[in-house]
1. So how do ASP77, ASP115, ASP185 line up by other beta-carbon neighbours within 10 Å, fewest first?
2. Which aspartates and glutamates have a Cα lying under 15 Å from the Cα of LYS91, excluding residues fewer than 8 positions away in the same chain?
Amino acid sequence: MHTRILIVGLAAALATTTAVAASATTTVGRHYAQGQHATRTDTPKVFACDGGKQVSMQARIVNSPFIFAETAVNDEDQAVPGAAIALAGPKTGGADTVLVTFSAESQITGGDVSDWMGLEVHVDGVPINPFTAAGDLVAFTGEPSWNANSLQFCTKLKEGRHKLQVFANLHDSSGSHDLSGWLDDYTVTFQRFS
């Protein structure tokens, strides 16, 4: 009798675990923060952004708040003050890898649970990964509370001078809010690898 109860109990636990695992796999793929339904992606697209020996590291720290308002254009990029740098690519050809880390206290106010603040890094005006041309922007925060958040971005730099700039944006899912973004005590670090 005890053996039968144990087997039935194990079968029920296995069935529950399988159902939970199956439902968890359906969330792989698109980002929920944008208010879109996730679709199953069996093979996510992976971008390699490898580097060699560390060549340099530059960091910029801003201890005063950057407060910005929603614009007439949803998701419009707004340059984060002090979060930019000019870098020269390698002199001998090829490409160097640059890893950009942005960390800040952050907050979004005036919206609802479907609104968020996004973050991008541009090199010479073009967004770098993680970024998709389909508009799947990287959400940095959706919280009206004071949180510290961090994101990393990676790209390759070829010969010539390049400008790297961090941008923030506000996404208003209903178009009916007066959103406000707040970034404070932020650090942007540019690590370069050969």
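1. In order of increasing Cβ crowding within 10 Å: ASP185, ASP77, ASP115.
2. The reachable aspartates and glutamates, counting only those whose Cα sits under 15 Å from LYS91, are GLU159.
Coordinate-derived values only; no laboratory data. For clarity, every value in this text was computed on a predicted model and none was experimentally measured. Neighbour counts run over all protein chains shown; Cβ positions are idealised from the backbone, glycine included.
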